[in-house]
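> If you scroll down you'll find the structure; I have some questions about it.
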Amino acid sequence: MSKVASTTLRDSLSVSLTVGAYGVAFGAAAVANGFSVLQSCLLSLLTFSGASQFAVVGVLGAGGSAISGIATASLLGVRNALYGVIMAPRLKVKGLTRVVAAQITIDESTAVALGQETQGDEAMRKGFWYTGIGVFVFWNLFTLAGALGAQAMGDIRAFGLDSAVPAAFLGLVWPRLTGNFERSLAVGCALFAIVMTPILPAGLPIIATAFIAIVIGLKR
Amino acid sequence: MSAFWIATIGTSVIAFALKYSGHSVPERWLSHPKIQRINLLIPIALLSALVAVQTFSEKSQLMIDQRLVGLYVAIVALVYKAPFPVVVISSAVSSAVVYRLLK
């Protein structure tokens with residue numbers, strides 16, 4: 001194996017394992033919020049996008065409707081469409097291969113691919129496929145482990161799972177808070193959601209913040 | 001069909017449709033700077049709101065309990081640049097300890 005290919009493989013594998021391991025947190029969170037083990041595993045297999053998956057279980061767990069959960073998860077999934085736009089001209093795939101490529105188009109596969117940009121298109125393609133497939137395998141295995149573990153626990157609060165979910169959301173948003181503007185937006189949306197929680201039906205205070213983001217994005 | 005099944009299937013179908021559309025639509029449709037910018041802001045807004053609601057509410061009621069300690073520990077872990085699993089586990093452990101002490 002050439003040196004370039006082996007660095008790409010190493011990058012892909014390390015990302016796959018670490019990210020895949022978060023699947024434990026998702027599986028546990030899903031069961032803690034009322035999803036069955038089967039539903040938790042289907043979300044990881046079919047939705048396969050961490051933030052969206054955490055969002056739908058978070059919204060339903062907070063008493064929100066299915067529509068609120070789907071809407072919140074889908075708004076978070078829009079970025080995968082943008083990743084597809086970046087990857088499509090490099091992958092140049094059709095038919096069933098394109099279906100598979102689309103399913104593994106997530107933060108990590110796109111990030112590793114872009115990280116290989118200086119090594120050429122071939123390394124980018126390898127980075128995308130290795131990472132996408134690697135994360136898919138580990139994410140699903142660890143989801144099953146987390147879901148079964150949480151199911152065996154009973155009172156999830158005694159194991160801190162009620163805190164693991166907001167901590168996971170915080171861990172997902174933290175790297176995005178790159179400046180004062182982003183931090184203000186985050187604090188503002190958190191306060192807005194808290195204030196609106198007793199007033200609006202469950203789930204809506206969360207979705208409403210997406211519209212705050214859209215209005216601010218259009219204005220600036 | 002229960003809300004959980006509707007949510008599971010609905011989320012999955014739309015998630016795939018979004019991914020596939022990115023591979024299929026002309027690049028210029030989604031490359032507008034405002035769309036790119038909104039796409040950076042939406043996750044910040046939604047994830048922050050989710051942190052708040054998941055920490056301070058139970059159904060539609062506001063409350064403060066062991067989850068506040070969990071959130072505090074998660075923030076400390078992130079400030080010290082702890083990796084994601086450490087953030088989640090330290091938050092869970094501290095929250096569990098407080099819950100068991102107060103029970």
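The values are calculated or read from the model by the stated rules, or taken from the named source; none is laboratory data. This one's a predicted model, so the numbers in the text were calculated from it and none came from an experiment. Cβ sites come from the backbone with ideal geometry, for glycine too, and all protein chains shown count toward neighbours. Surface accessibility is based on the protein's heavy atoms, side chains included, excluding ligands, DNA and RNA. Shrake-Rupley method; radii C 1.70, N 1.55, O 1.52, S 1.80 Å.
> Using a ≥ b ≥ c from the Cα gyration tensor of chain A (square roots of the eigenvalues), is it rounded, prolate or oblate, where a/c under 1.5 gives rounded and otherwise the larger of a/b and b/c decides, a/b for prolate? Please report the intermediate quantities before stating the final value.
Working: a/c = 2.00, a/b = 1.37, b/c = 1.46.
Since a/c reaches 1.5 but b/c is at least a/b, the shape of chain A is classed as oblate.
> Can you give the helix-only mean residue ellipticity at 222 nm for chain A, where every DSSP H stretch with n ≥ 4 adds -39500 (n - 2.57) and the sum goes over all residues, rounded to the nearest 500 deg cm²/dmol? Could you put the intermediate results ahead of the total?
Details: 11 runs with 170 residues, N = 220.
Rounded to the nearest 500, it is -25500 deg cm²/dmol.
> Same structure again: GNM, chain A, Cα, under 10 Å: largest mean-square fluctuation among A:G120, A:G50, A:G23?
Ranking A:G120, A:G50, A:G23 by mean-square fluctuation puts A:G120 first.
> With the cut-off at 1.5 for a/c, could you classify segment A:160-211 from its C-alpha gyration tensor as rounded, prolate or oblate?
Numbers: a/c = 2.39, a/b = 1.15, b/c = 2.08.
It comes out oblate by the Cα gyration axes.
> Taking chain A as a Gaussian network, where each spring joins two C-alpha atoms under 10 Å apart, which residue of A:A28, A:A101, A:A167 fluctuates the most?
A:A167
> Can you order the peptides A:127-139, A:172-184 by their average number of other Cβ atoms within 10 Å per residue, highest first? Walk me through the intermediate numbers first.
Numbers: A:127-139: 22.8, A:172-184: 14.5.
Highest-to-lowest ranking by the protection proxy: A:127-139, A:172-184.
> Right, here's the next one. Once both axes come from the Cα atoms, what is the angle between helix A:23-32 and the longest principal axis of chain A, in degrees from 0 to 90, rounded to 10?
The angle comes out at about 20 degrees.
> From the P(r) of segment A:5-46, can you give the percent of Cα pairs sitting at distances over 15 Å?
Of the Cα pairs, 51 percent sit more than 15 Å apart.
> Tell me, what is the 1.4 Å probe accessible area of A:L141, in Å² to the nearest 10?
Roughly 110 Å² of A:L141 is accessible to a 1.4 Å probe.
> Counting C-alpha atoms alone, how compact is segment A:89-220: give Rg to one decimal and Dmax as a whole number, in angstrom.
Cα only, segment A:89-220: 19.6, 53 Å (Rg, Dmax).
> For segment A:123-192, what is the convex hull volume of its Cα atoms per residue in Å³? Provide the component values of the computation, followed by the final result.
Details: hull volume 8.7 nm³, N = 70.
Spelled out: Cα convex hull of segment A:123-192, divided by residues, is 125 Å³.
> Continuing with this model, one more query. How many Cβ atoms of partner chains, on average, are near each residue of A:203-209 if near means within 10 Å of its Cβ? Don't skip to the end; give the middle numbers.
Values: counts 2, 0, 6, 9, 3, 3, 11.
Counting Cβ atoms of other protein chains within 10 Å of each residue's Cβ and averaging gives 5.
> Partner chain Cβ atoms within 10 Å, averaged over the residues of A:59-72 - can you pull that number for me? Present the calculation step by step, with values, prior to reporting the outcome.
Working: counts 7, 7, 3, 7, 6, 5, 3, 11, 4, 2, 7, 10, 3, 5.
Shielding by partners across A:59-72 averages 6.
> Mind checking the mean number of beta-carbon atoms from other chains within 10 Å of the Cβ atoms in A:186-197?
Values: counts 7, 2, 3, 10, 10, 3, 4, 11, 7, 2, 3, 10.
Partner-chain Cβ atoms within 10 Å, mean over residues of A:186-197: 6.
> Further, regarding this structure: Using Cα atoms only, what is the angle between the long axis of helix A:180-196 and the major principal axis of chain A, expressed in degrees (0 to 90) to the nearest 10?
Helix A:180-196 sits at roughly 40 degrees to that axis.
> A follow-up question, please. Would you mind checking the tilt of helix A:66-91 against the longest principal axis of the Cα atoms of chain A, expressed as 0 to 90 degrees and rounded to 10?
The helix A:66-91 is inclined about 20 degrees to chain A.
> Another one. For every other residue with a beta carbon closer than 10 angstrom to the beta carbon of B:L41, add +1 if it is Lys or Arg and -1 if Asp or Glu, then tell me the sum.
Numbers: positive: A:R176, A:R220, B:R37; negative: A:E182.
My count for the surroundings of B:L41 gives +2.
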